[in-house]
Structures are given as structure tokens and as C-alpha cells.
1. Report, in deg cm²/dmol and to the nearest 500, the calculated mean residue ellipticity at 222 nm for the chain, where each DSSP H run with n ≥ 4 adds -39500 (n - 2.57) and the sum is divided by the residue count.
2. If I stretch the segment between Asp150 and Arg65 completely, what's the gain in nm (0.36 nm per residue apart, minus their alpha carbon distance), one decimal?
3. In the range 1-98, which trypsin sites (Lys or Arg not before Pro) fall in coil by DSSP and have 14 or fewer other Cβ atoms within 10 Å?
4. Using r as the Cβ-Cβ distance of Asp30 and Glu136, and R0 as 41 Å, what FRET efficiency do you calculate, to the nearest 0.05?
5. Based on the Cβ-Cβ distance from Leu75 to Lys105, what FRET efficiency comes out when R0 is 30 Å, to the nearest 0.05?
6. Have a look at Val61, Val38, Val26 and tell me which one the Gaussian network model of the chain (Cα, springs below 10 Å) gives the largest fluctuation.
7. What spacing in nm lies between the two simple spin-label points modelled at Ile3 and Arg163, each 7 Å away from Cα in the Cβ direction?
8. Rank by packing, highest mean first: peptides 166-178, 189-201, with packing defined as the count of other Cβ atoms within 10 Å averaged across residues.
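What follows is calculated from the coordinates using simple rules that are stated; it is not laboratory data. The model shown is predicted, which means the values in this text are computed figures rather than measured ones. A quick note on method: Cβ atoms are made from the backbone with ideal geometry, for glycine too, and the neighbour counts reach across all protein chains shown.
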Amino acid sequence: MTIKDIAEEWQVTASDTPFVGNKTSVRTDDVVMPDGSVVRRDYQVHPGSVAVLALDDAGRVLVIRQYRHPVRHKLWEIPAGLLDVPGENPLHAAQRELYEEAHVKAEDWRVLTDVYTTPGGCDEAVRVFLARDLSEAEGERFEVAEEESDMELARVPVDELVRGVLAGELSNNCLVVGVLSLVAALQGDGVESLRPADAPWPARPFES
């Protein structure tokens with residue numbers, strides 16, 4: 001049996017945006033259900049994000065630890081960031097985040113997986129890239145601020161990350177999805193079979 005998500009949009013009879021923030025907003029839609037009833041759905045409107053699982057030649061993943069105020073935790077994560085411009089090429093955004101957060105560049109890029117992080121309450125879509133053939137970026141380091149000024153960087157073997165995920169010690173969604181997807185790819189047809197870095201992304205269409 002082959003299963004596949006499909007795009008579908010139910011009728012909206014009314015829509016309002018009660019909150020607009022710096023990067024995201026909250027929308028309230030009145031949605032017609034299959035039985036004809038109308039229910040109200042509140043959700044966060046998000047520009048979309050990219051994340052980078054950067055794998056070095058020693059089989060280690062580049063991770064960062066950053067304070068996340070909504071969950072009151074310092075989380076180990078993979079480099080990630082927002083799509084700052086509508087229609088922005090996600091590969092370019094991922095390359096920017098890897099440079100800004102880790103001062104690293106990569107020669108080999110592939111799409112590891114695409115996810116909706118919390119589809120019941122937010123329309124955020126994330127494209128997780130696999131980056132290999134790493135080296136230090138040229139020039140000065142990007143000047144970080146706010147939470148990023150307290151970031152820690154490390155390179156951790158894949159097996160240790162898998163252990164931490166399954167033990168409940170690592171819970172950032174992009175790290176969890178990225179690491180387990182990498183293991184699945186390595187145990188399956190290999191990373192060479194992954195989609196190219198410029199593969200279409202219907203959730204956030206972009207120009208090449």
C-alpha cells in the first residue's frame with residue numbers, strides 16, 4: 001500500500017487576523033466541516049523555515065545549543081532559520097543559516113525531508129537539508145545577538161544523537177526528524193538517492 005499526503009482546502013466562510021507579530025501572526029478561520037457545520041479554527045501563520053543536518057567526514061553532526069523561551073529549555077538543535085523573504089530559495093536560506101550559526105559551508109546539498117511541524121495549530125513548513133563536505137566559511141564570523149549570543153556548538157556522532165533522541169534527552173523537532181531520517185536513508189538506498197537540493201517544495205514554492 002502506498003500512502004501520500006494530498007493538498008485539499010475546505011471552504012472558509014470568514015477569516016480574521018487578531019494578532020500580527022514581527023515574523024508570524026494568528027489567523028481565525030470559520031471552516032465548513034463535511035457535515036455542513038461551521039467551526040472556528042485559530043492557528044499561527046508562519047513564513048516557513050529551513051534546517052541543516054551538517055554531516056562531517058567523521059560521521060558527526062554539527063549541533064548547536066540555544067535557549068528557547070516558550071519551552072524554558074536550552075535545546076540541542078541543528079542550524080535552522082526562517083524563510084525571511086516570500087518565495088526565497090530554501091537552499092540559499094539554508095546556506096545562510098549554516099554560515100551565520102556555525103561559520104561553516106558545504107559543497108554537497110540534498111533534501112533530507114520536508115515536514116509540517118505542528119499542523120493542528122500552525123502552518124509552518126520546514127525543509128530539512130543534508131549538507132556534506134564541510135569546511136570553515138571564509139571571512140569574519142557573523143555577529144550574533146539575543147539568544148544566539150549564548151549558543152554553544154558541538155559535533156556529535158550520529159549514534160549518540162539517536163541514543164539521545166530515543167532516551168528522551170533530545171527533543172528539538174528538526175534534530176529528531178533530521179537524525180532519524182538520515183539513519184533511515186543510510187540503512188535504505190543511501191544518501192545518494194535523496195532528492196536534489198532544488199527539488200520542488202509545494203508547501204513553500206520558490207524560484208530557482
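1. My calculation for the chain gives -5500 deg cm²/dmol from helical runs alone.
2. Once the chain is fully extended between Asp150 and Arg65, it gains 29.8 nm.
3. Those that pass, being in a loop and sparsely packed, are Lys4, Lys23, Arg72.
4. E between Asp30 and Glu136, to the nearest 0.05, is 0.20.
5. Working from the Cβ atoms, E equals 0.80.
6. The residue that fluctuates most here is Val38.
7. 3.2
8. Packing proxy ranking, top to bottom: 166-178, 189-201.
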